[in-house]
Structures are given as structure tokens and as C-alpha cells.
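A.B. asks: Let me begin by handing over the structure; questions about it come next.
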Amino acid sequence: MAMTRLTDIPSVGKAAEKDLKALGASNARDILDIAPRAYEDRRRGRRLSDATVDNPVIYCKIEVEKKSYFPSKAGRTLRVECSDENGDRLSLLCFSRDYLDKMLVIGSMWYITAKVQKYKGVYSSASFEIKKDPKELLFGTIIPIYPLCGNLKQNQMRHIVKAVLDSYSPIADRLPEDIYERNGLMHHDQAYHLLHFPSELEDVKKARRTLAFTELFRLELEISREKEPDTKCRPVITAKEKALIESLPFSLTSDQLKVLQEIRKDLDSAKPMTRLLQGDVGSGKTLVAWISALHEIAKGGQVAFMAPTELLARQHADGAAQLLEKLGIRICFLTGEVKNKSRALLEKALESGDIDLAIGTHALFSGKIKFKNLKYVIIDEQHRFGVGQREALKQKGKDPHILMMSATPIPRTLALTYYADQEISTIKTMPAGRIPIKTYLVSEKKREDMFRAIDVEFKRGHQAYFVYPRIEEDGESDLRPVKRMFEELKTIYPPISSAMVHSRLEEEEKNRILADFKNGKISYLVSTSVVEVGIDVPNATCMVIEHSERFGLAALHQLRGRVGRSDIPSYCFLVFSDSLTEEGKERLSVMKQTNDGFLIAEKDMAIRGPGDITGNKQSGFMKLKHASLVTDQDLILLAKKEADRIAKEDRGLLKAENAVLRNKEG
């Protein structure tokens, strides 16, 4: 009978149980999914001359040549001088191991595994195991090296894993037979045995591929089965949508048209939509949102549009008014600054249904706000709102459709896994006339050249941003702060109008400054990253980001996206310090090479990892034990393909060949 509890495993008591749980094992079966972090190939000897800084472990035969004691904190410590079969000498420092004095007789031969270091041509080790029988040190085998916790030891972990493997063997298959064959996978009993105790290192890759695929496939299958089957119906474009599209002085891009069809189909479905609309900075997501809002308003529903800042909300409200009021759409603008009688009138109009489209900040989900018939919620820059805030706005209606918009593209592997329970629409095609932003990497020595280049832009009547990572001086840091640089830039550009913006300013003051910049009253802003979202100034052609190595790729891309919002050539200057790290070089190199936000998102995940990208390292799909969202892109696509096929052919998993998939614990 297979073990179930951790304490059913021989030699696992309460202390070891606690340590194993910390490694992610809640029961005995989970032990098999604690994958080795590395392997030591002890099939061939590894002598002293083979040791390196990166791999200082040796396993070989030695001869004892000399013994002595030297003073230490313990009083005295045994030193054993020996040599390997090449004649290289090794000094064993036997702290608290005086018993070895009698055991290690001069001239005797032993087998050893040790972690060594070399100093002035002499090898030494204080961490070693020594035996007469090479089998006791697993010579002739490949041994797994496990992640450890607490007081667990490697030998103990190997015995624990071996006991669980024996208990569960043969391990049941977790996939239908045809999936193993079609994708060249091992059966699970073989995969688990070779993962932990491989005969060849190549076996590990094959075993891990099977286990990673299984993990991803099970995830994708659960998601695929929960999604509604795709329907072939083509939703009708309402008269107001058609009127707005025909009134535009340009044509919608192919991506915008495709995304609108996807959203319309969802809006006409009985099931509430939860869709993420992702698109690069300036790709036309907001226009898609307004057109889709008309689709729902035509059916008598109300629409709420929520933005993270008052300035951005006001900007959206102005844009919506220009486009939609001529079509008879009743719009209101609501933020925390709207108070007293004006607020009371808006609240009454929303509750009575006299407002079609409400645009605002988090004030839209405050307690007193009531909608007569809220059917559609649009959330801009969705990553800036917590789940609770989004849910609070959703509660203002009866299962309204939700469209979340993001200008931070999601890497494909995250879209297929972490966000796979949501429908995702993507706009990649940029509107006609946009000129790619030219990005320059600027060393400290080239800052003066950069200032002269920006002065040329000022003379052309254009505007600029200067972004810094901190507001004030910090005695322990050499980072340039906003307040000091604001004064310094005044001496560089004395006749040019400027202003300073950062998070400590009152919201009203900040909004006034940003509005003046948008209206051309200010030529350049000196700011922290608060300008990353929420300001659209077509006349701004220069973005300077100092200490750019301190910013993540997503933030750099968003900041760069504040310029290049017209047909005027625009420039981004990434200023870096002399102490640039390798990771910093890699990030800045990506920014110089491409303006493609989707490619940048992929590179960002490869550098930082998926947990940092999602902002939640331990949540949901980040608990993958064998698969990697960075390196297993091919497996993710294979797993999704197989999962979608089964969900389409046998959603209820009723066929005999899919019986193995009914067991969620399998």
C-alpha cells in the first residue's frame, strides 16, 4: 500500500516533516515532484586537478601520507595530508572529527568526495566524506542533488525519495496513451525514476520534458474545458458604431477591426465577458473601447470607464466627448474632486439611467454611486488597480461585461498560462503615420552632447521630459534627484519654461502642471516616473531617463511611449552610470534594438522571470514544479493544442481513453 502522510515515510519524524512541507510537499506523493536542482556524475573519477571555482567537488581515491594537529578555537584540530592518483596533494581539515586520527592510518587507501578550495597552489577541504567502499559514496552512479531546508541532508533526501518511489511503483500514467505516443513522452513511472536516479544525464532532460508537459497540459485542459465553445455567429454592428467609424479621418487598423469583432461577440453572449485588451503604447486601444461601448449602449446598457489617475480620466473624458456626444451619447466625468451639488446631480442621473457612459477614477465604485443598468465595465491600465477595486466596480451591475486594457504587453507564455482563464485580444498594428522613436544610450561623458541635441528640439518648438528615479537627495546615494536637477536644468536652458512633477505634489497642483504641459505652456517637465501613464502630448519629442539602468524594461518602454505620439520624429535618451551591471547592459541593449513592446515583454520575462512580471511570485500558475514559462514555450504550445483538442472532442472526459484525466490528483 502506498504511503500517504509524510510521517509514513521511514526516518521522517516531525522535524523532517516540517522541512519537507517547506519544500512544497504536503503528502508523501508530493516528494516525487521535488526535482533535483543538480546532478553529480560519479561514474568517472573527478580528481583534484579537475576542481574549478564553479565546480569545486571531487570524488576519487586517495592515499593518507601524513597527520598533524594545529591550534584552533576548539583547542586543536586534526590535519590529514593525502594525495590522489595523480599525485596532487590535499589537506583535510578535520574539525570536531578527531576520531579520524585512528581510522586514517598512514599509507591506507580511501575513497573520498569533498568540496575543495585551492590557495597558493595547495588544495584543502573541511567538507568531505571518506569511505573504504566506493559504493557507500555512490561511485559509479549519477547522484541527485536536492534543494534542502532546515536540517535535511542530501543522503537523507535520497533515501526518502527512494522509499516513496518504491512505495508508489509502478507510478500510474497521467495522460491518455495517444498523447504519450504523439508527443514522444515517457510514461510516468519511467519519468519519475529517471528524474531522480538517471542512468544517463540525457535521461533527465527526457524525464523533465514529460513532467513539464503534463503539468502544463493539465493546466491548459482545465482552462479549455471551462471556456464556452466558440460560436460562428457574426455580431451586428450597430448604427452608432457605424456612424462613429465612418466619421473618423482615418481607417481602423486590421487588428482594431479584429478585436472589435471579438468583443462584440462576447457582448452579445449570455455569459459575462472577461477580456484583456493588450496593445502597445499608442496602438488605438481607447478608440476600440469607445466603439465597443456604443455596442452595449445601443442595447440600453450603461458603461463605466475607469482610469487610474484624474488626469488620465479627464483626458479620456475629453476624447470621448469629441467622438461620442455628437452621436447623442450622454457622458459624465466623475472623480473624487467632484463634490457637493455637482456630485449629487451626477449620482441621481446615473441611478435614473440618464447617463450612458460614466468616465472617472476609483470614485466610480464608491458606496453612494448606483447605476440603473450597468452592463459594461472598461478598466484602463488594469494592472494599476487591485482585484478588490475591480470587483467593487463590477458589483455596481448584475454580472456586467469586463474589458481590462493594458499598454504593457504580456509575454506569450504568460498569456497561454497565467492569463489563460481570460480571453485576450491583441492590437499589434500601429496607426498609419507613426514614426519609430530613435533610442540613444548615453554614458555620463556624453550628457553634454545630449543636452545640446535637446536644445535643438526646443528651438523647433518641441517639448521634452526629464525623468529621474528619486525626488530628493539621499546622502548614501549618487542618484540625481528631481529637485536638484530641476534647478540644474534651469541653468542649462535658462529661457525655456519648465515645471517639476512628483508624487508628493497635491493632486490638484500636479494636474494643473500636466495640463499646462499638454497645452504647450511649459516646454519641459522634470519628473519622477509619475508621467509613465496618463499624459498624451503629441508635441513632446524628447524623453530623457537618467539612471535608466535602475528601471525595468516595462517601465522604460512605457516612459519612452510618452513621446512619438504624432508624425514628428522623436527621441529617447537612456542615460546610464559608469557602474552598469551585465543585466543593466542587457536591458538597455533591448531598448536600443527595438520599439516592439511585445518583444520587450518577452525579453523582460527572460531577464527577470515570470514571477516578477506578474507581480505575484507564489500565486496560481507560478507554482509550476517542473515547467518553466521562460524556456518551455514549445511545450506550452503543444500542451495547449492537445488540451484544446480534448476540450472540443470530449469536454466531459467521458471517453474511455480520457478516463485517466478525470482524476485531478493524478
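A.B. asks: In segment 500-547, which residues are without any contact (Cβ under 8 Å) to a residue 12 or more places away in the chain and either acidic (Asp, Glu) or at positive phi (or both)?
C.D. replies: GLU506, GLU509
A.B. asks: Only helices (runs of 4 or more DSSP H) wholly contained in segment 117-197 count here; list those with 3 or more residues that are touching a residue at least 24 places away in the same chain (Cβ under 8 Å) and in contact with a Ser or Thr (Cβ under 8 Å, 6 or more places away or on another chain).
C.D. replies: Here the list reads 154-168.
A.B. asks: Okay, moving on. Cβ-Cβ under 8 Å, sequence separation 6+ or interchain: first residue in segment 380-394 and at negative phi and at pLDDT 75 or above, partner open to solvent by 20 Å² or more (accessible area, probe 1.4 Å) and of a type in the set (D, E, K, R). Which pairs?
C.D. replies: Going by the 8 Å Cβ cut-off, there are no qualifying pairs.
A.B. asks: Here's another thing I want to ask about it. If a residue has to be touching a Cys at 6+ places or on another chain (Cβ under 8 Å) and either outside any helix (DSSP H, G or I) or not acidic (Asp, Glu) (or both) to count, how many in segment 1-29 make the cut?
C.D. replies: 3
A.B. asks: Taking LYS483 as meeting all but one of (1) in contact with an Asp or Glu (Cβ under 8 Å, 6 or more places away or on another chain); (2) among the charged types (D, E, K, R); (3) closer than 28 Å to GLY597 by Cβ, write down the number of the exception.
C.D. replies: (3)
A.B. asks: Here's a follow-up. Please find, among SER199, SER167, the residue that is at pLDDT below 95, open to solvent by 10 Å² or more (accessible area, probe 1.4 Å) and touching a helix residue (DSSP H, G or I) at 6+ places or on another chain (Cβ under 8 Å).
C.D. replies: SER167
A.B. asks: Condition first: of a type outside the set (Gly, Ala, Ser) and open to solvent by less than 20 Å² (accessible area, probe 1.4 Å). Now tell me which residues in segment 490-513 satisfy that.
C.D. replies: TYR493, VAL501, HIS502, ILE513
A quick yes/no check of all residues on (1) modelled with pLDDT of 85 or more; (2) surrounded by fewer than 17 Cβ atoms within 10 Å (Cβ to Cβ):
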position: ARG208; (1), (2): yes, no
position: ALA212; (1), (2): yes, no
position: PRO229; (1), (2): no, yes
position: LYS232; (1), (2): no, yes
position: GLU246; (1), (2): yes, yes
position: PRO249; (1), (2): yes, yes
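A.B. asks: For segment 630-666: of the residues being part of a loop (DSSP other than H, G, I, E, B), closer than 12 Å to GLU222 by Cα and of a type in the set (D, E, K, R), which is least open to solvent (accessible area, probe 1.4 Å)?
C.D. replies: Of everything passing the filter in segment 630-666, ARG651 is least open to solvent (accessible area, probe 1.4 Å).
A.B. asks: Return the residue satisfying two criteria in turn: it lies in segment 345-379 and is among the polar types (S, T, N, Q) and at pLDDT below 90, and of such residues it is nearest to ASP266 (Cα to Cα).
C.D. replies: Among those that are among the polar types (S, T, N, Q) and at pLDDT below 90, it is THR361.
A.B. asks: Just give me the residues in segment 90-115 being within 16 Å of ALA126 (Cα to Cα), outside any strand (DSSP E or B) and open to solvent by less than 60 Å² (accessible area, probe 1.4 Å), in sequence order.
C.D. replies: Answer for segment 90-115, where residues must be within 16 Å of ALA126 (Cα to Cα), outside any strand (DSSP E or B) and open to solvent by less than 60 Å² (accessible area, probe 1.4 Å): ARG97, LEU100, ASP101, LEU104.
A.B. asks: So which residues in segment 280-328 are among the β-branched types (Val, Ile, Thr) and open to solvent by less than 10 Å² (accessible area, probe 1.4 Å), if there are any at all?
C.D. replies: Within segment 280-328, VAL288, ILE291, VAL303 qualify.
A.B. asks: Could you identify the single residue in TYR440, TYR465 that is of a type outside the set (A, V, I, L, M) and open to solvent by less than 50 Å² (accessible area, probe 1.4 Å)?
C.D. replies: One residue alone meets the criteria, TYR465.
The values are calculated or read from the model by the stated rules, or taken from the named source; none is laboratory data. On a predicted model such as this, the values are computed, not experimentally measured, just so you know. Here Cβ is always computed from backbone atoms with ideal geometry, including for glycine, and neighbour counts include all displayed protein chains. For accessibility, only protein heavy atoms count, side chains too; no ligands or nucleic acids. Shrake-Rupley method; radii C 1.70, N 1.55, O 1.52, S 1.80 Å.
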